[in-house]
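The values are calculated or read from the model by the stated rules, or taken from the named source; none is laboratory data. Since the structure is predicted, the reported quantities are computational estimates derived from the model, not experimental observations. Here the Cβ positions follow ideal geometry from the backbone for every residue, glycine too, while neighbour counts run over all protein chains shown. Heavy atoms of the whole protein, side chains included, go into the accessibility calculation; ligands, DNA and RNA do not. Shrake-Rupley method; radii C 1.70, N 1.55, O 1.52, S 1.80 Å.
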Amino acid sequence: MGKLLTWNIDIFKAMHLYEGKVAQAVLWIPFLFFAVGVIFASKYMSEYLVAWTARKKIKQSVAGALILATVTSLPETTIALTMGASGFPQQSFANTIGGNSYYLFLFALISLIFIRRQSFIRVNKWNRILLMIGLSFSCILFLTFIPQHFTVESLNALRFLAYTIPGINISWVLLLFALSYILTIFFFLRQNKKEPVTYDKNLIAQYDEEDETTEKELKNHLTIKQLLIFFIVAIVVLVSFSFCLSLIMGVVPHTYHIPETSAGGLLLSFVTNMPETISTFTLLKMGKNNIAFGGLVGSILYNNVINFFGDIAFQGDGVLNHIISHDQDYLQYFMLTLMQFVLIVLTRLTIQRQVVRHRKIYIFLNLIIILIFISIWAVNLTVIAAITPLP
């Protein structure tokens with residue numbers, strides 16, 4: 001491995017926290033410290049985001065899909081750049097695609113936990129548009145990984161999806177995702193200026209309403225400038241502490257003799273998704289359903305852009321072509337793209353008005369999403385454990 005990928009290992013080796021029983025016991029002390037920091041930073045970041053965007057008259061779909069999603073995905077961005085520059089972009093790809101499935105699992109779980117509040121039933125049209133864009137991204141990725149496993153001649157035509165642009169050595173599909181994301185940002189910002197922010201409860205039937213913000217949540221005792229400063233401070237703490245957690249998780253697989261390809265990746269994915277998890281629960285507790293949902297869907301879109309950043313840092317033969325042509329764990333990435341596609345389709349069904357009006361169907365679909373996510377990871381971990389020799 002390159003220096004970019006192993007410098008954190010050298011740090012833990014110097015502190016004698018890389019292997020042995022002492023390392024296994026002591027390693028969790030800094031982990032808990034940074035984890036608590038991430039929890040509080042996510043909480044306060046969410047609160048300041050709600051107050052600042054409400055007072056600046058920024059639409060909640062914009063606040064969630066663009067601002068919140070970008071902020072909470074910064075740890076994944078640093079990992080993508082590091083892994084790509086070190087020649088291991090497939091690890092970042094697995095982290096982001098697995099993270100997308102986790103967001104959908106989290107969405108389904110929260111939908112059932114807060115079912116009495118009907119938290120995600122009134123999803124506005126802008127977040128629905130974002131989910132459809134995410135569905136198109138996941139469909140393209142799934143089709144990209146199909147040809148390797150099937151010999152049907154008609155499917156061979158799909159191999160062009162994994163092609164790399166000559167000269168710049170970037171997967172053209174990931175470049176398409178990045179350009180689409182940029183266009184989406186401009187479109188949302190333009191609509192934010194055109195359409196005034198409204199909290200009209202009469203718009204519930206149209207699913208276009210904004211969640212109402214109380215006086216306490218507006219934090220009127222602070223100026224807008226102070227809100228922005230506190231918001232930025234919370235972001236800095238959140239990103240730095242999340243990155244430190246990622247460094248710790250980078251050595252945990254070796255310290256506990258856990259396979260890095262699967263179990264280690266699951267631990268890393270859990271850590272990097274902590275900001276989304278905490279901020280989502282915080283926002284739902286505040287009743288900000290559209291910001292919470294927008295944050296999750298926006299993260300799904302941004303994660304595909306993260307893979308583009310990793311491709312730039314990789315400077316190889318393109319991330320998608322590299323995984324399909326050279327990675328021996330290709331089947332795992334194929335299953336991740338398949339799971340992501342299926343879960344987004346099911347999630348799209350759960351926010352249909354006809355479905356949410358029938359509670360049994362609504363509960364059934366969310367349970368299916370949860371079971372698929374748990375089952376895929378359980379099978380994955382079981383297979384890896386079976387083929388991995390004991391230390």
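Could you list which residues have their amide H under 5 Å from that of Ser171, counting only those 5 or more apart in sequence or on another chain, with H placed in the peptide plane?
Ile165, Val319, Leu320
Considering only Cα-Cα distances, which of the following residue pairs are longer than 29 Å: Lys57/Lys285; Lys219/Lys360; Lys43/Lys360; Lys125/Lys225?
Values: Lys57/Lys285 21 Å; Lys219/Lys360 39 Å; Lys43/Lys360 32 Å; Lys125/Lys225 31 Å.
Beyond 29 Å: Lys219/Lys360; Lys43/Lys360; Lys125/Lys225.
Extension gain Leu367-Gln352, at 0.36 nm per residue separation less the Cα-Cα distance, in nm?
Working it through step by step, the gained length comes to 3.8 nm.
Compute the length gained on full extension between Ile146 and Lys285: take 0.36 nm times their separation in residues and subtract their Cα-Cα distance, giving the result in nm to one decimal.
46.0 nm
So how far apart, in nm, are the two label points at Ser325 and Lys57 if each is 7 Å from Cα heading toward Cβ?
With each label placed 7 Å out from Cα toward Cβ, I get 5.3 nm.
If I model a spin label as a point 7 Å beyond the Cα along the Cα-Cβ vector, how far apart are those points for Phe40 and Ile168 in nm?
Roughly 4.4 nm, to one decimal.
To the nearest 0.05, what FRET efficiency results for Trp28 and Gln315 with a Förster distance of 45 Å applied to their C-beta separation? The partial results should precede the final answer.
On the way: r = 37 Å, r/R0 = 0.81.
That pair, Trp28 with Gln315, gives E of 0.80.
For the full complex of protein chains and a 1.4 angstrom probe, list Leu349, Leu112 by accessible area with the highest value first. If you can, show how the numbers build up before the last one.
Numbers: Leu349 70, Leu112 40 Å².
Largest to smallest exposure gives the sequence Leu349, Leu112.
As a test of the definition: which semi-axes, in Å, follow for the stretch 270-318 when you take the square root of five times each eigenvalue of its alpha carbon gyration tensor? Largest first, please.
Sorted largest first and rounded, they come to 30, 11, 5 Å.
Simple spin-label model, 7 Å along Cα-to-Cβ: Met132 to Phe160 in nm?
My value for the distance between the label points is 2.5 nm.
Using 1/(1 + (r/R0)^6) with R0 = 41 angstrom and r between the beta carbons of Leu247 and Lys225, what's the FRET efficiency to the nearest 0.05?
Plugging the Cβ-Cβ distance into 1/(1 + (r/R0)^6) gives 0.75.
Cα-Cα pairs above 17 Å in the stretch 58-115: how many percent?
Above the 17 Å cut-off, the stretch 58-115 has 54 percent of its Cα pairs.
Rounded to two decimals, what is the ratio between the C-alpha radius of gyration of the stretch 19-99 and 2.2 N^0.38 Å? Present the calculation step by step, with values, prior to reporting the outcome.
On the way: Rg = 17.2 Å, N = 81, 2.2 N^0.38 = 11.7 Å.
Output field value: 1.47.
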